[in-house]
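The values are calculated or read from the model by the stated rules, or taken from the named source; none is laboratory data. None of these values were measured; they are calculated from a predicted model. Note that we place each Cβ from the backbone using ideal geometry, even for glycine, and neighbour counts take in every protein chain shown.
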Amino acid sequence: MVDDEPRILDGLRRALHGRYAIDAESSGAAGLTRIAAAPDPYAVVVSDMMMPGMNGAEFLARCRAVSPDSVQLILSGQAELTSTIAAVNDGNLFRFLTKPCETEELTRALDAALRQHHLVIAERELLQRTLDGTVELLTDLMKATNPMAAARTENLRMLVDAIAPAGAWEPRIAAMLGQVGLLAIPEEVLHRIRSGAESDDETQALFRSHPLLAYELICRIPRLERVAEWVAAQPLSAGDQPPSAMAADQAAYATAVAFIIGAEAGQSPTAVAAGLTQYPRELVDALLHAYTAAKVRKPRQVSGAELMVGMMVNQDVVTTNGLILVRADEVLTESMAIRLRHFADGVGLVEPIAVLI
């Protein structure tokens with residue numbers, strides 16, 4: 001609660017004592033500082049309208065930028081029309097109450113605001129779980145059908161997690177879905193491209209179509225329009241020029257893709273980093289550090305029954321009758337590890353298996 005009159009704040013705290021946990025400040029600036037420093041977002045923010053220095057409309061608009069899920073109310077004795085319109089348009093105003101406000105009316109409004117906050121959070125969590133589950137399903141399918149796309153995706157996710165801006169979820173989704181277009185590219189084409197073998201124009205054009213194929217799939221998923229645009233614009237070689245203007249979250253994804261492409265071509269991590277002059281230097285340096293740290297794994301020989309999630313296989317995993325189940329350099333997911341253990345118990349695997357842990 002923010003109000004420039006201490007006696008009003010004291011009265012509100014006494015009236016609402018025992019029903020809500022309340023923090024109070026006497027100015028918009030102090031309120032913003034308190035909100036920014038809070039360990040968890042406030043469910044509800046209540047503000048006076050006419051305050052010196054920063055009025056309620058400005059305070060709530062700035063509050064929305066730092067705490068977008070907080071439900072906002074105004075409790076004011078001076079309902080000036082222009083400021084009220086600004087509070088509604090620039091903030092996220094849920095109710096406008098006038099002073100003096102009966103305790104019963106105020107508690108009804110606060111209870112309704114809390115319910116609204118719970119609904120917003122519950123809907124977001126449901127959408128996020130649905131989205132995460134869909135993405136995980138697609139990446140598992142990728143791992144089962146296209147080892148190259150799966151290995152690139154796993155490396156991208158690791159790098160993007162290391163360098164993306166704090167709280168940014170779109171770069172990670174881009175890393176997990178950005179290579180899904182490779183599923184439509186024949187495996188022999190992918191191997192020719194990755195090995196650096198000479199390819200005709202038709203083969204090159206087929207390979208270069210995979211970002212657009214991924215775009216067409218991703219843009220069908222609600223809330224992923226920006227991710228789809230990043231994927232469509234992703235580099236296809238380490239020397240490609242990035243888009244002229246990129247936000248920090250898009251830059252994290254694009255730079256990671258360029259780095260991985262250079263590493264897949266057989267360059268040392270240091271050489272890859274030195275060549276990425278067209279990308280932000282601080283991102284390239286962070287990628288070099290993250291990639292080098294992630295590659296420090298210890299070799300080990302295991303049986304099929306000992307394969308566990310998180311291990312990186314250091315060789316193709318092959319059944320005793322010659323079927324390749326997993327290509328080298330893949331990191332095992334839980335479903336992959338279970339599948340391999342079943343094969344070990346049934347058909348049998350060529351053992352021991354070289355892994356990195």
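Determine which member of the set Leu183, Leu141, Leu190 is surrounded by fewer than 20 Cβ atoms within 10 Å (Cβ to Cβ) and within 16 Å of Leu236 (Cβ to Cβ).
Details: Leu183 fails: within 16 Å of Leu236 (Cβ to Cβ); Leu141 fails: within 16 Å of Leu236 (Cβ to Cβ).
It is Leu190.
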In region 170-227, residue modelled with the highest pLDDT [restricted to those that are under 20 Å from Ala150 (Cβ atoms) and of a type in the set (Val, Ile, Thr)]: Val227
Helices (runs of 4 or more DSSP H) contained entirely in region 190-309, each with at least 2 residues that are farther than 30 Å from Thr130 by Cβ and assigned by TED's automatic domain parsing to the domain that holds Ala164: 201-208, 248-264, 269-275, 281-294
Region 42-68 residues that are farther than 15 Å from Ala109 by Cβ, paired with ones that are crowded, with 21+ Cβ neighbours inside 10 Å and among the β-branched types (Val, Ile, Thr) (beta carbon under 6 Å, 6 or more apart): Met49/Ile74; Gly56/Ile74; Cys63/Val45
Tally of residues being in a helix (DSSP H, G or I) and surrounded by fewer than 17 Cβ atoms within 10 Å (Cβ to Cβ) across region 17-40: 6
Test for Ala337: is it surrounded by 14 or more Cβ atoms within 10 Å (Cβ to Cβ), touching a Leu at 6+ places or on another chain (Cβ under 6 Å), assigned to a helix (DSSP H, G or I) and not assigned by TED's automatic domain parsing to the domain that holds Gly178: yes
Residue within region 149-156 that is in the same structural domain as Pro280 (by TED's automatic domain parsing), among the aliphatic types (A, V, I, L, M), touching a residue at least 60 places away in the same chain (Cβ under 8 Å) and part of a loop (DSSP other than H, G, I, E, B) present: no
Qualifying position, being modelled with pLDDT of 90 or more, within 27 Å of Gly167 (Cα to Cα) and not assigned by TED's automatic domain parsing to the domain that holds Gly167, among Leu16, Leu114: Leu114
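Is it the case, given these coordinates, that Leu276 is crowded, with 19+ Cβ neighbours inside 10 Å and touching a strand residue (DSSP E or B) at 6+ places or on another chain (Cβ under 8 Å)? Please lay out each step first, then the result.
Numbers: crowded, with 19+ Cβ neighbours inside 10 Å: yes; touching a strand residue (DSSP E or B) at 6+ places or on another chain (Cβ under 8 Å): no.
Criteria not met by Leu276.
For region 196-224, which residues satisfy the criterion of being exposed (fewer than 11 other Cβ atoms within 10 Å of the Cβ) and either under 23 Å from Ala168 (Cα atoms) or not acidic (Asp, Glu) (or both)?
Gly196, Ala197, Ala205, Arg220, Pro222
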Residue within region 64-82 that is modelled with pLDDT under 90, of a type outside the set (A, V, I, L, M), in a helix (DSSP H, G or I) and at negative phi present: yes
